[in-house]
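**Q** Handing you this structure, nothing more for now.
The values are calculated or read from the model by the stated rules, or taken from the named source; none is laboratory data. Not measured: the values here are computed from a predicted model. Note that we place each Cβ from the backbone using ideal geometry, even for glycine, and neighbour counts take in every protein chain shown.
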Amino acid sequence: TIKIIMDTDPGIDDAAAITMAINDDNIDLKLITTVAGNVTVDKTTKNALKLVRFFNSDIPVAAGAKQPLIKPFEDAARIHGESGMPGYDFPEDLPKPMNKSAVEALHDAIMASDEKITLVPTGSYTNIALLFSEYPEVKDNIERIVAMGGSLGKGNMTSAAEFNVFTDPHAARIVYNSGVPIVMVGLDITMKALLTPASLAKLPELNETGRMLHDIIIHDGDNSDSGIAMHDVNTIFYLLHPEAITTEDMWVDVQTEGPAMGETVGDIRGAYHDGKINASVCVDIDAAAFNKWFINEVSNISK
Ligand code: BDR
Ligand code: CA
């Protein structure tokens, strides 16, 4: 099993990623930490707790950063709704978040693990940047960071920037320069692996989890006739099925200013970094395999 921690801002696609991570036996999800992103951190924390409660899981949830390191916070409620996870009535009796901050919880869980942890951020990387600044020793017990965010091609917030990196470009820069290997799961693949209308229509027939996911996914403001991008779910798919995704190793820089603020610049020609690499960038994906896996994954869940 792959030991992971998710740092997340649910968020519709985050909710689907958490669903897979909680329920797949090949993944051992140790901790969920939350960050401001799609909606405020109070809401993303509540949403993470709703999912933990829905699956009767005992995975701890710790609340993290309320805002990016430097840039003012801007949410994405226009895509994810006011609550961040609209459309389904979750139980009201929610468990409590941990009594410690995301940074403390990340530090404690990473240091306590007998095997190296894979970090899976699906929001902006503020908590991880703070963690690395405060406790650099955790890096030795991190296998790698499989991060949704960034794009070699165009952005989805500005022409250059993807939302998670745009939200906190300074944090992204710290993480990309941290020395910890990164798998960049960006728009280059997430905009290819759309959940098709046919897959979406199947979900409610599968089980209660399928109904829950269907009911929230149909509220995703980022949809098209060919399907809905399940950005964050691609991280979990990559962990379980790397053979369905093509990666290229390179150095990735993050722009923190100007019209390209939040852009992830992949040095595809090795022009600036002498052949050094800090990231494996996902550049292609088998979209049919992704859809098949998504449906199969949900149908295997007992609820
Ligand atoms: C990312 O932005 C968020 O809105 C999604 O949850 C995903 O993490 C895609 O750009
Ligand atoms: Ca997200």
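**Q** Could you list all residues from segment 4-34 that are part of a strand (DSSP E or B), away from ligand 1 (no atom under 14 Å from the Cβ) and either more than 24 Å from ASP108 (Cβ to Cβ) or touching a helix residue (DSSP H, G or I) at 6+ places or on another chain (Cβ under 7 Å) (or both)?
**A** Answer for segment 4-34, where residues must be part of a strand (DSSP E or B), away from ligand 1 (no atom under 14 Å from the Cβ) and either more than 24 Å from ASP108 (Cβ to Cβ) or touching a helix residue (DSSP H, G or I) at 6+ places or on another chain (Cβ under 7 Å) (or both): ILE4, ILE5, ILE27, LEU29, LYS30, LEU31, ILE32, THR33.
**Q** Name, by its number, the condition in (1) in a strand (DSSP E or B); (2) under 24 Å from PHE55 (Cβ atoms) that does not hold for TRP293.
**A** In the conditions (1) in a strand (DSSP E or B); (2) under 24 Å from PHE55 (Cβ atoms), TRP293 misses (1) alone.
**Q** Right, something else. Any idea which of LYS96, LYS46 is surrounded by 20 or more Cβ atoms within 10 Å (Cβ to Cβ) and free of Cβ contacts under 8 Å to residues at least 60 places away in the same chain?
**A** LYS46
**Q** Using beta carbons and a limit of 6 Å, which pairs, at least six apart or on different chains, have the first residue in segment 158-172 and within 14 Å of LEU130 (Cβ to Cβ) and assigned to a helix (DSSP H, G or I) and the second one away from ligand 1 (no atom under 12 Å from the Cβ) and not basic (Lys, Arg)?
**A** From segment 158-172, the pairs are HIS170/LEU69; HIS170/ILE70; HIS170/THR256; ALA171/LEU69; ALA171/THR126; ALA171/ALA129; ALA172/VAL254.
**Q** Take segment 266-295 and flag every residue that is in contact with a Leu (Cβ under 9 Å, 6 or more places away or on another chain) and either modelled with pLDDT under 95 or closer than 16 Å to ILE189 by Cα (or both).
**A** If the condition is that a residue be in contact with a Leu (Cβ under 9 Å, 6 or more places away or on another chain) and either modelled with pLDDT under 95 or closer than 16 Å to ILE189 by Cα (or both), then GLY266, ILE268, VAL281, VAL283, ALA287, PHE290, ASN291, TRP293, PHE294 are the ones that fit.
Okay, residues lined up against (1) closer than 21 Å to MET6 by Cα; (2) away from ligand 1 (no atom under 15 Å from the Cβ):
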site: GLY186; (1), (2): yes, no
site: ALA198; (1), (2): no, yes
site: ALA201; (1), (2): no, yes
site: LEU213; (1), (2): yes, no
site: SER224; (1), (2): no, no
site: TRP251; (1), (2): no, yes
site: ALA260; (1), (2): no, yes
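**Q** Working carefully through the options PRO86, PRO91, find the one that is out of contact with any His (no Cβ under 6 Å at 6 or more places or on another chain) and either assigned to a loop (DSSP other than H, G, I, E, B) or in contact (Cβ under 8 Å) with a residue 12 or more places away in the chain (or both).
**A** Only one candidate qualifies: PRO91.
**Q** Report the residue count in segment 252-267 for those that are surrounded by fewer than 21 Cβ atoms within 10 Å (Cβ to Cβ) and of a type in the set (A, V, I, L, M, F, W, C).
**A** 3
**Q** Any residue at all in segment 76-92 that's at pLDDT below 95 and hydroxyl-bearing (Ser, Thr, Tyr)?
**A** Within segment 76-92 (the criterion being at pLDDT below 95 and hydroxyl-bearing (Ser, Thr, Tyr)), the answer is yes, since at least one residue qualifies.
**Q** Next up: Could you check how many residues of segment 211-259 are of a type in the set (Phe, Trp, Tyr) and farther than 22 Å from THR34 by Cα?
**A** Residues meeting the conditions: 1.
**Q** Name the residues in segment 129-157 that are in a loop (DSSP other than H, G, I, E, B), within 16 Å of GLY266 (Cβ to Cβ) and within 16 Å of the chain's Cα centre (by Cα), would you? First the steps, then the outcome.
**A** Going residue by residue through segment 129-157, those that are in a loop (DSSP other than H, G, I, E, B) are 135, 149-157.
If we keep only those that are within 16 Å of GLY266 (Cβ to Cβ) too, we end up with 149-155.
Answer for segment 129-157, where residues must be in a loop (DSSP other than H, G, I, E, B), within 16 Å of GLY266 (Cβ to Cβ) and within 16 Å of the chain's Cα centre (by Cα): GLY149, GLY150, SER151.
**Q** With ASP222, ASP188 as the choices, which residue is touching a residue at least 60 places away in the same chain (Cβ under 8 Å), farther than 30 Å from GLU134 by Cα and either surrounded by 20 or more Cβ atoms within 10 Å (Cβ to Cβ) or away from ligand 2 (no atom under 15 Å from the Cβ) (or both)?
**A** Testing whether each residue is touching a residue at least 60 places away in the same chain (Cβ under 8 Å), farther than 30 Å from GLU134 by Cα and either surrounded by 20 or more Cβ atoms within 10 Å (Cβ to Cβ) or away from ligand 2 (no atom under 15 Å from the Cβ) (or both) leaves just ASP188.
**Q** Would you point out the residue of segment 160-176, among those that are among the aromatic types (Phe, Trp, Tyr) and within 14 Å of ligand 2 (Cβ to nearest atom), that is farthest from GLY258 (Cα to Cα)?
**A** PHE163
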